[in-house]
Amino acid sequence: MVHQYKNNGYHILLDVNSGSVHVVDELVYEMVPYYKEKELSEIIALLKDRYPKEEIREAAADLEELINAGKLYTEDIYENYIQEIVEAKKPVVKALCLHIAHDCNLACRYCFAEEGEYHGRRALMSYEVGKKALDFLIANSGSRKNLEVDFFGGEPLLNWQVVKDLVAYGREQEKLHQKNFRFTLTTNGVLLNDEVQEFVNREMSNVVLSIDGRKEVHDYMRPFRNGAGSYDRILPKFQKLADSRNQERYYVRGTFTRHNKDFSKDVLHLADLGFQQISVEPVVGTEEETYALRAEDLPEVFAEYDRLAAEMVRRYRTGKAFTFFHFMLDLTGGPCVAKRLSGCGSGTEYLAVTPWGDLYPCHQFVGDEKYRMGNVDEGITRPDIRDTFKNCNVYSKEKCRDCFAKFYCSGGCAANAHKFHGSIHETYDISCELERKRVECAIMIKAAEAEKDEVESDEEK
Amino acid sequence: MKHIKTLNTQTLQNTMKKGGCGECQTSCQSACKTSCTVGNQSCENNR
């Protein structure tokens, strides 16, 4: 399968099954759809009025070279491979999302956790439960060395002492078991202070700072419980924290909704404030929510992604580059195909733990009793749930089979699929449309970057 | 090649040989939490 498209003046081919990305001229772009079906003489006859014959022959030779190198018109050979991997693998857990606080000091309108309470009551995780969670992780991690623990909520700083105590416990245990804990924290910033910053910089491999962008956008969606906006309270603290981490190993992370479909302005606002690691993501909501994105909004949102991508290219060229999480693409050292096919690992490698120690496939399933998989005392008591997730991949989803983006989203978010269709083997169509657009933009940015780098290296010669 | 510039050197087929060690970051631990963004992760062994 070859996906071809034009963006920002570039003609791009994505050979889906090899993952190869080719930037081509107009002639090749025109030849690719029928190159395999037609003889060269037929192709020359078709194009000779517009291109010199010699050029067409050269282009054909270039295409042949790619085909011979396994970089064009490749077949999907992974279905059996992934099945073998899934069957051979002993289940291991390598990442936990610890719901350290089911409570929040903000009342964000789009919160999937219902202001931190997750369809349940307010609660803080005790140190004892947290310890058992880390013990469970170590015990179930097999030979995996790197273990990830995200302190999540609600708002985890409402239970800060337990976070610190659990980090200390983890550091002690990792030595005993030859593991390496990578802790992360997701916070709304309200309670962020110098002491928290110092600890986070010492112990957390990543920190996610929630901010939506422009003040009016942020304050509308992320108010305090009394209705006041939170932007002015958190922004200076986030700027200070980002600088104190040398603008690395963090994200400012926002959500865009139907109310700010011009979200490129929010991304650029964050960049103009000095942030270099930015993630602004589409809200997930059903149609009855006024903020939810609808199918009819897609053209506008696509245009906005294009605008953002073009502006990022412009900034890259002028030395003002920043990272946008959803446009990140590692073409040289990206994930292996096994990773791309196994997805986010929810329900298998990645689990969420509630303040009471119950285990769920991920943070978004928390509170849905049907998906309670066990608890930190007894471990997994519902292996059937784990098996359902284990067997969920791009080949178990009919809609993914012919999608060019399947090796980038791995079939999408299981929780979103469940929310919209009641089955993790489905896909959430709006999210698919957006993912395809983002992959196109991300590749275009890589093409532009390669072009600039090439020009610079030519100039140096 | 005059007409084509390929941006990556490795192919997905090649990653079948050594892939699947599972040491890389879980995507939801990076920033997303509401989407699945595996393609933008990096391989732990290429760091």
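Per-structure values
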| item | result |
| --- | --- |
| Ellipsoid equivalent to the stretch A:137-251 - semi-axes via the Cα gyration tensor, in Å | 30, 14, 12 |
| Cα-based convex hull, the stretch A:2-75, per residue volume (Å³, whole number) | 82 |
| Gap separating the Cα centres of chain B and the stretch A:18-47, nearest whole Å | 28 |
| Cα-based Kirkwood hydrodynamic radius, the stretch A:11-146, one decimal, Å | 20.9 |
| Subset of A:LYS48/A:LYS452; A:LYS89/A:LYS145; A:LYS132/B:LYS33 violating a 28 Å alpha-carbon distance limit | A:LYS48/A:LYS452 |
| Cα gyration tensor, the stretch A:220-306 - rounded (a/c under 1.5), prolate or oblate | oblate |
| Under 5 Å, built H, 5+ apart or other chain: amide partners of A:ARG249 | none |
| Pairs of Cα atoms farther than 14 Å apart, the stretch A:1-45, % | 50 |
| For the stretch A:365-433 versus the stretch A:210-239, the gap between their alpha-carbon centres in whole angstrom | 32 |
| Along principal axes, Cα extents of the stretch A:90-337, largest first, whole Å | 52, 47, 38 |
| Long-range amide H partners of A:GLY254 with built H, under 5 Å | A:ILE211, A:SER279, A:VAL280, A:GLU281 |
| Rounded D (µm²/s) - the protein assembly as shown, Kirkwood Rh over Cα pairs, Stokes-Einstein at 4 °C, 1.567 mPa s | 54 |
| Euclidean distance between Cα centres, the stretch A:244-294 to the stretch A:311-351, Å | 16 |
| Proximal aspartates and glutamates relative to A:LYS390, as straight alpha-carbon distance under 20 Å, when same-chain residues fewer than 8 apart are discounted | A:GLU79, A:GLU84, A:GLU87, A:GLU148, A:GLU349, A:ASP358, A:ASP368, A:GLU369, A:GLU398, A:GLU426, B:GLU23 |
| Additional length obtainable on full extension of the chain from A:ASN193 to A:GLU75, 0.36 nm per residue less Cα span | 37.1 nm |
| Nearest 10 degrees, 0 to 90: helix A:231-244 Cα axis against chain A principal axis | 70 |
| Sites matching chymotrypsin sites (Phe, Trp or Tyr not before Pro) across the stretch A:75-129 that sit in DSSP coil, with at most 12 neighbouring C-beta atoms within 10 Å | none |
| Cα-based helix-to-principal-axis angle, A:53-68 vs chain A, degrees rounded to 10 | 40 |
| Calculated [θ] (222 nm, deg cm²/dmol) that DSSP helices of n ≥ 4 give over chain A, each run adding -39,500 (n - 2.57) | -12500 deg cm²/dmol |
| DSSP-loop GluC sites (Glu not before Pro) across the stretch A:196-287, with at most 15 other Cβ within 10 angstrom | A:GLU248, A:GLU287 |
| Kirkwood Rh (inverse of mean 1/r, distinct Cα pairs), chain B, angstrom | 13.1 |
| Rounded, prolate or oblate (a/c below 1.5 giving rounded, otherwise prolate when a/b exceeds b/c) for the stretch A:301-341 by Cα gyration tensor | oblate |
| Principal axis dimensions, largest first and in whole angstrom, of the stretch A:327-461 by Cα | 65, 30, 23 |
| Tilt relative to chain A, helix A:79-88 - C-alpha long axis, 0 to 90 degrees, to 10 | 30 |
| Among the listed pairs A:LYS320/A:LYS406; A:LYS261/A:LYS419; A:LYS237/A:LYS265; A:LYS94/A:LYS446; A:LYS131/A:LYS215, those beyond 27 Å (Cα-Cα) | A:LYS320/A:LYS406; A:LYS94/A:LYS446; A:LYS131/A:LYS215 |
| Values of log10 I(q)/I(0), in the order q = 0.14, 0.17, 0.20, 0.28 Å⁻¹, for the stretch A:297-365 under a Debye, Cα-only, solvent-free model | -0.76, -0.88, -0.92, -1.13 |
| Scaled radius of gyration (Cα, divided by 2.2 N^0.38 Å) that the stretch A:50-92 gives | 2.09 |
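None of the figures in this text is laboratory data; all of them are computed from the coordinates on show. Computed from a predicted structure; not experimentally measured. Reconstructed Cβ throughout: ideal geometry from the backbone, glycine too, with neighbour counts over all protein chains shown.
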